[in-house]
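A short write-up of the structure that comes next.
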Amino acid sequence: MNKRNYLTLSIVIISVLSVAAAPSPSRAQDGVGATASTKATAKDVGLPIYPGAKPHKDKDNDSDALNVGLWGNTFGFKMALMKLESTDSPDKVAAFYAKALAKYGKVLNCSDPAQAKTTKDKGDSSNQLTCDDDGKSDKGEVVYKVGTKDNQHIVSVQPNGSGSVFDLVFLYTRGTDEKKPAS
């Protein structure tokens, strides 16, 4: 998954959280809440940390993690992101996460052209996770996804010199389905 997508998503989420967290007399009754942090753990992303991996920052002032959430009585959103690096090859790191992700269901390899072009069958649920909505992967990047559109885990692994840089992402949404009227 393209890092620019994460940055754009993060900016939008933080903006939404700022508005949602603004004090309002009715919010206490609505049960609305928000969290935002530059810290995330293996528990937050639902995946183990690759052995020997350490936090990665693209620039000194960047954060190596993000953990945001917004919820109310009928909706909810959570995103946890960790950026890590390892001296091990991308293939070794990717194989570790393909196995770790399998506990959540069928793992899609969105860097595999055959799986990246998957489309939903007409009988499939609209919540089926596909690779169709991803931007183009960077050269040498491996992207795995598992779950549903509403509850997904994503791992992106890229070469970094003789080692790897990788992102662990958990996305969860509730109550955001837009039902279209029958025509």
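Worth pointing out:
- All positions within segment 60-90 that are more than 20 Å from V157 (Cβ to Cβ) and of a type outside the set (A, V, I, L, M): D60, N61, N67, G69, W71, G72, N73, T74, F75, G76, F77, K78
- Candidate set: segment 100-114, residues that are at pLDDT 95 or above and hydrophobic (A, V, I, L, M, F, W, C); chosen: the one surrounded by the fewest Cβ atoms within 10 Å (Cβ to Cβ): A102
- A count restricted to segment 54-96 and to residues that are in a loop (DSSP other than H, G, I, E, B), in contact with a helix residue (DSSP H, G or I) (Cβ under 8 Å, 6 or more places away or on another chain) and within 20 Å of E141 (Cβ to Cβ) stands at 1.
- Only one of the numbered conditions (1) more than 22 Å from D150 (Cβ to Cβ); (2) at pLDDT 95 or above is not met by Y97, and that is (1).
- Test: residue in segment 62-69 that is free of Cβ contacts under 8 Å to residues at least 40 places away in the same chain and of a type in the set (S, T, Y): yes
The values are calculated or read from the model by the stated rules, or taken from the named source; none is laboratory data. Computed from a predicted model, the values in this text were never measured in an experiment. Here Cβ is always computed from backbone atoms with ideal geometry, including for glycine, and neighbour counts include all displayed protein chains.
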